[in-house]
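The values are calculated or read from the model by the stated rules, or taken from the named source; none is laboratory data. All of these numbers come straight from a predicted model, not from anything done at the bench. Note that we place each Cβ from the backbone using ideal geometry, even for glycine, and neighbour counts take in every protein chain shown. The protein model used for the area step is the full one, side chains on, heavy atoms only, and it has no ligands, DNA or RNA in it. Shrake-Rupley method; radii C 1.70, N 1.55, O 1.52, S 1.80 Å.
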Amino acid sequence: MTKGLGKFEFYFIQLDSILKEAAKTANPALYFYEHDGRTKVFMLEGLAKLYSGMHNEKKFQKIKDAYKSLEDLLGAVDYYDSFAKDFKNDAKIPDSITLFMEEKKTTKLAELNALLLKKKWINRKPTRTDKQRKKLKELNWKKEEKEIVLIKQVYEKAIATIQIFYEETGVAFTDVEAQVHELRRKLRWLSIYPQAIQGAIQLIDSGGKNTKDVKKYLVPEIVNSPYNKLPVQGSHEFVLYLEKNYFLALSYVISSLGKLKDKGLRIMAISEAVMETQAISADAALQKAYKINKENNTALEDILHEAKLICQKYFEENNLEKMMGN
């Protein structure tokens with residue numbers, strides 16, 4: 001088995017185990033969600049996304065799309081579940097809003113159950129992963145040394161695309177979901193690939209490339225995060241090296257945007273619930289959401305402004321390019 005194929009198999013085994021147990025339950029989607037199925041899906045989506053930029057684009061893209069469909073629904077379940085739990089513990093949130101979140105979670109779980117059956121993730125032989133294994137075994141995989149060159153090219157292309165996306169937002173962010181959350185998603189893949197690739201990407205501290213500008217990102221929360229400890233190199237003879245402190249700077253920005261995104265989405269979630277349960281306009285619902293959320297309140301405009309300030313400094317410093325050693 002090639003190292004590339006082995007990387008997929010590593011997560012196939014874990015995913016198959018969860019799906020097998022999920023299929024035995026009355027609510028497979030709920031079991032899948034509650035037993036960290038999303039992480040396995042993320043890793044496989046990341047691998048397929050990474051390899052689609054290296055070779056056999058159409059075949060890897062098809063596999064990526066399959067996992068994205070799962071991840072989208074798992075993400076929706078998590079969204080409504082998280083806010084349902086958050087609001088249940090907040091006496092200032094009306095019960096009607098909490099109930100709305102719980103009902104939406106149930107709806108999304110039903111959609112996920114339907115997808116698991118329709119796309120043969122469970123209760124079918126061969127399973128979806130069996131079919132993916134078969135297709136991957138037919139591919140002409142690159143040698144490890146060539147793969148590392150191609151991975152570096154994927155990173156460089158992704159960084160260029162992210163830069164363009166950021167510049168197109170103009171002088172200010174205007175949308176939490178379409179801009180802040182989407183930019184975070186694009187940045188996050190750069191931090192997911194090293195986990196998914198299982199040792200073929202390592203961090204290096206070359207000293208001279210690190211400047212005082214990067215130190216502000218190296219806070220204890222980031223430096224000590226287990227998510228920034230990459231898989232060991234293991235048997236990989238060739239690896240891609242990323243500058244450690246700039247990888248941590250990337251993690252800082254992802255984390256900071258995540259916290260701001262969550263603040264914005266909390267307001268938007270309340271607004272959605274108010275609009276749906278009270279049958280009022282989006283603008284009126286947003287104003288009610290601000291009143292309901294007043295003790296945790298930060299205006300969406302302030303959240304967007306703070307996100308832009310973080311990104312402006314980060315991109316002006318060319319930290320993504322420096323992460324690549326450039």
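Against the definition (among the small types (Gly, Ala, Ser), open to solvent by 60 Å² or more (accessible area, probe 1.4 Å) and over 22 Å from the mean Cα position of the chain (by Cα)), how does Ser235 come out, yes or no?
Working: among the small types (Gly, Ala, Ser): yes; open to solvent by 60 Å² or more (accessible area, probe 1.4 Å): yes; over 22 Å from the mean Cα position of the chain (by Cα): yes.
It is true that Ser235 is among the small types (Gly, Ala, Ser), open to solvent by 60 Å² or more (accessible area, probe 1.4 Å) and over 22 Å from the mean Cα position of the chain (by Cα).
Of the residues Glu102, Glu57, which single one is free of Cβ contacts under 8 Å to residues at least 24 places away in the same chain, closer than 18 Å to Arg266 by Cα, open to solvent by 20 Å² or more (accessible area, probe 1.4 Å) and of a type in the set (Asp, Glu)? First the steps, then the outcome.
Values: Glu57 fails: closer than 18 Å to Arg266 by Cα.
Exactly one of Glu102, Glu57 is free of Cβ contacts under 8 Å to residues at least 24 places away in the same chain, closer than 18 Å to Arg266 by Cα, open to solvent by 20 Å² or more (accessible area, probe 1.4 Å) and of a type in the set (Asp, Glu), namely Glu102.
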TODO: Looking for whichever is surrounded by fewer than 21 Cβ atoms within 10 Å (Cβ to Cβ), among the charged types (D, E, K, R) and in a loop (DSSP other than H, G, I, E, B) here; the options are Lys68, Lys24. Which one fits?
DONE: Lys24
Task: Meets criteria (crowded, with 19+ Cβ neighbours inside 10 Å, assigned to a helix (DSSP H, G or I) and at pLDDT below 95) for Val154 - done: no
Task: helices (runs of 4 or more DSSP H) enclosed by region 276-326 - at least 1 residues per element that are in contact with an Asp or Glu (Cβ under 6 Å, 6 or more places away or on another chain) - done: 319-323
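Within region 184-197, is there a residue that is without any contact (Cβ under 8 Å) to a residue 60 or more places away in the chain, in contact with a Lys or Arg (Cβ under 9 Å, 6 or more places away or on another chain) and either of a type in the set (D, E, K, R) or assigned to a helix (DSSP H, G or I) (or both)? Spell out the reasoning first.
Here is the first cut: in region 184-197, the ones without any contact (Cβ under 8 Å) to a residue 60 or more places away in the chain are 185-186, 194.
Those left that are additionally in contact with a Lys or Arg (Cβ under 9 Å, 6 or more places away or on another chain): none.
Scanning region 184-197, I find no residue that is without any contact (Cβ under 8 Å) to a residue 60 or more places away in the chain, in contact with a Lys or Arg (Cβ under 9 Å, 6 or more places away or on another chain) and either of a type in the set (D, E, K, R) or assigned to a helix (DSSP H, G or I) (or both), so the answer is no.
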TODO: Any chance you could count how many residues in region 113-129 are of a type outside the set (S, T, N, Q), outside any loop (DSSP other than H, G, I, E, B) and closer than 13 Å to Lys20 by Cα?
DONE: 3
